[in-house]
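To start, the structure itself, in structure tokens.
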Amino acid sequence: MATLAIGVMLAIWLSTVDIIEWLYVYSRQHAGLHLDELFSVLLVGGVVAVVILVLRDRDLRREVHCREVAERTAERLVRYDDITGLPNRRLLFEELNRRIVGARMHGSCFALFFLDLDRFKAVNESYGHGTGDDLLRAVAERLVLTLRPQDFVARLGGDEFAVVINASTEKHVEHHVARRILFSLARPFTVHGVRHEMSASIGITRFPDDADGPESLMRCADTAMYRAKSSGRNTFTTYDKAMEEISGQLRESLDKGLFHPFYQPVIDLKTGRVVGLEALARWDHPTKGILGPDAFIAVAEDSGLIEELFRQMLQQLSEHGKAWDPGLRIAVNISPYQFRDPKLSSRILQQIAAAGFSSQRLDVELTESALVIDVETTRQVISELKAQGVRVSLDDFGTGYSSLRYLRELPFDSIKIDRSFVQRIDSDSGSRKIIESIIDLSHALGYETVAEGVETREQATWLTEAGCDLAQGYLFSRPLPRDEIDTFLLATNAEPEG
């Protein structure tokens with residue numbers, strides 16, 4: 001091939017020499033026509049044209065190369081995460097499509113994991129987003145090292161990752177992988193000289209058992225992941241189709257207005273009078289009867305129905321409360337996931353104002369996990385509610401993740417002592433010491449204390465002597481529907497006005 005190319009070039013060169021020689025002889029034979037000047041101009045012009053073409057060709061090649069580099073860069077930005085370098089959501093979607101085609105051809109299955117880092121936002125808040133980004137890179141590297149080369153790892157955004165693995169007909173494979181991931185992430189990370197303890201909540205779904213398309217697979221994995229988070233974090237949960245069925249029933253029941261508040265009285269331990277009511281959601285299930293929150297709250301959170309459920313509860317308690325003593329406070333629980341919304345306070349205030357219910361009679365209760373999900377948004381919501389006279393209580397104190405810093409910085413009105421401590425008053429000296437410490441701490445900070453789950457007269461007596469302010473539990477009353485709470489209030493001299 002090289003010899004042929006040399007031969008062609010030599011032939012072209014000889015031909016060019018022959019042409020130039022012929023032009024020279026011809027111009028000499030016809031000197032009167034001054035053809036030598038013309039031929040010189042043409043020759044020089046040809047050379048210049050060749051040079052211009054060569055330069056233009058070089059420029060075009062450079063432009064094409066730059067465009068190809070830019071297109072490859074743009075393609076990478078579209079398909080890969082710029083912080084960790086992992087594939088992003090778009091490439092995950094393509095990978096799921098590819099795996100679905102392969103699984104259908106070979107009759108195989110695969111599993112999709114959604115991972116959400118627990119309490120990652122606290123890193124950004126305490127150390128800045130630069131440290132947070134470096135920690136995300138470290139997490140990504142550890143995930144890649146933990147998994148096999150054939151496994152697929154992607155970052156979905158924020159502190160969420162996805163993993164796709166080949167699976168067998170038995171679910172023990174993905175359970176083993178999930179445990180390996182949790183164990184790997186449990187080893188401390190050191191970023192900028194600071195040690196960080198991390199964990200993750202993992203949701204797992206399978207193809208074709210749970211879903212038959214990329215969108216439905218991702219939705220199922222997301223649902224399972226939120227269930228893992230609500231189960232206590234640092235764990236994994238596999239998708240259960242029963243969740244989807246309950247979600248559909250929830251949506252239908254919300255449309256039909258089958259959720260109602262039951263009310264449990266809150267008693268002043270010194271006077272024995274009712275000073276407030278806690279509204280607790282109940283589901284009037286078409287076939288199962290009245291169901292408590294344990295049967296539906298987690299699914300409502302997973303399926304995004306918690307906002308509508310809360311709106312209906314707030315609407316009903318606002319209407320009911322107008323008929324009762326204006327001094328009677330009514331408490332309502334807010335899901336931790338609602339505190340992700342910075343407009344939560346304005347929606348609450350607008351709704352009770354439209355219903356004609358005084359904001360100073362409302363008491364919102366949040367659990368300690370709300371402080372972990374997004375402390376800054378929670379702080380903003382609490383401050384806005386407090387500015388309009390709404391009371392704020394920290395529920396189930398002692399069972400979550402709060403630090404004393406939050407108690408000092410956030411403007412609570414009361415601390416609710418979890419029933420797990422109250423129920424062990426008679427048998428556990430440790431529980432008694434914890435309760436005494438909570439009461440002393442709360443009073444030092446200017447908060448009321450409310451004991452939950454009081455069931456015996458002995459418990460109530462001990463709490464009163466320990467300085468606890470308020471209590472609720474079956475000793476005083478179980479949660480009652482609207483008509484029965486009216487009778488209870490009349491019997492305890494907290495008469496309704498209407």
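All of (1) at pLDDT 95 or above; (2) touching a helix residue (DSSP H, G or I) at 6+ places or on another chain (Cβ under 8 Å) hold for residue 334 with one exception: (1). Has the range 395-410 got at least one residue that is surrounded by 14 or more Cβ atoms within 10 Å (Cβ to Cβ) and modelled with pLDDT of 90 or more? No, the range 395-410 has no match at all.
Identify the single condition in (1) out of contact with any Asp or Glu (no Cβ under 7 Å at 6 or more places or on another chain); (2) over 28 Å from residue 386 (Cβ atoms); (3) loosely packed, with under 15 Cβ neighbours inside 10 Å; (4) β-branched (Val, Ile, Thr) that residue 290 does not satisfy, given that it satisfies every other one. With (1) out of contact with any Asp or Glu (no Cβ under 7 Å at 6 or more places or on another chain); (2) over 28 Å from residue 386 (Cβ atoms); (3) loosely packed, with under 15 Cβ neighbours inside 10 Å; (4) β-branched (Val, Ile, Thr) applied to residue 290, the lone miss is (1). Restricting the range 249-278 to residues that are surrounded by fewer than 23 Cβ atoms within 10 Å (Cβ to Cβ) and among the small types (Gly, Ala, Ser), the residue that is nearest to the chain's Cα centre (by Cα) is 253.
Looking only at residues in the range 129-155 that are among the small types (Gly, Ala, Ser) and under 19 Å from the mean Cα position of the chain (by Cα), the one that is farthest from residue 195 (Cα to Cα) is 154. When you check residue 202 against the structure, is it on the phi < 0 side of the Ramachandran plot, touching a residue at least 12 places away in the same chain (Cβ under 8 Å) and not in a helix (DSSP H, G or I), yes or no? Considered against the rule, which asks whether it is on the phi < 0 side of the Ramachandran plot, touching a residue at least 12 places away in the same chain (Cβ under 8 Å) and not in a helix (DSSP H, G or I), residue 202 comes out as yes. On the given criteria, is residue 417 free of Cβ contacts under 8 Å to residues at least 40 places away in the same chain and hydrophobic (A, V, I, L, M, F, W, C)? Criteria not met by residue 417. Among the residues of the range 336-376, those that are surrounded by fewer than 21 Cβ atoms within 10 Å (Cβ to Cβ), within 18 Å of the chain's Cα centre (by Cα) and not in a helix (DSSP H, G or I) comprise 341, 342, 343, 368, 374. Any residue in the range 225-234 that is modelled with pLDDT of 90 or more, within 27 Å of residue 337 (Cα to Cα) and not in a loop (DSSP other than H, G, I, E, B)? No: the range 225-234 contains no residue that is modelled with pLDDT of 90 or more, within 27 Å of residue 337 (Cα to Cα) and not in a loop (DSSP other than H, G, I, E, B). Let me confirm something: among 138, 122, 103, which residue is in a helix (DSSP H, G or I), surrounded by 15 or more Cβ atoms within 10 Å (Cβ to Cβ), assigned by TED's automatic domain parsing to the domain that holds residue 180 and modelled with pLDDT under 90? Within the list 138, 122, 103, the selection yields 122. Among the residues making up the range 301-340, those that are farther than 19 Å from residue 266 by Cα and among the acidic types (Asp, Glu) are 301, 302, 307, 308, 319. Answer with yes or no whether residue 298 is among the aliphatic types (A, V, I, L, M), surrounded by fewer than 21 Cβ atoms within 10 Å (Cβ to Cβ) and either without any contact (Cβ under 8 Å) to a residue 60 or more places away in the chain or assigned by TED's automatic domain parsing to the domain that holds residue 396 (or both). Judged against the criteria, residue 298 is a match.
The values are calculated or read from the model by the stated rules, or taken from the named source; none is laboratory data. Nothing here was measured: the structure is a model prediction, and the numbers come from that model. Glycine also receives a Cβ, built like all others from the backbone with ideal geometry; neighbour counts cover every protein chain displayed.
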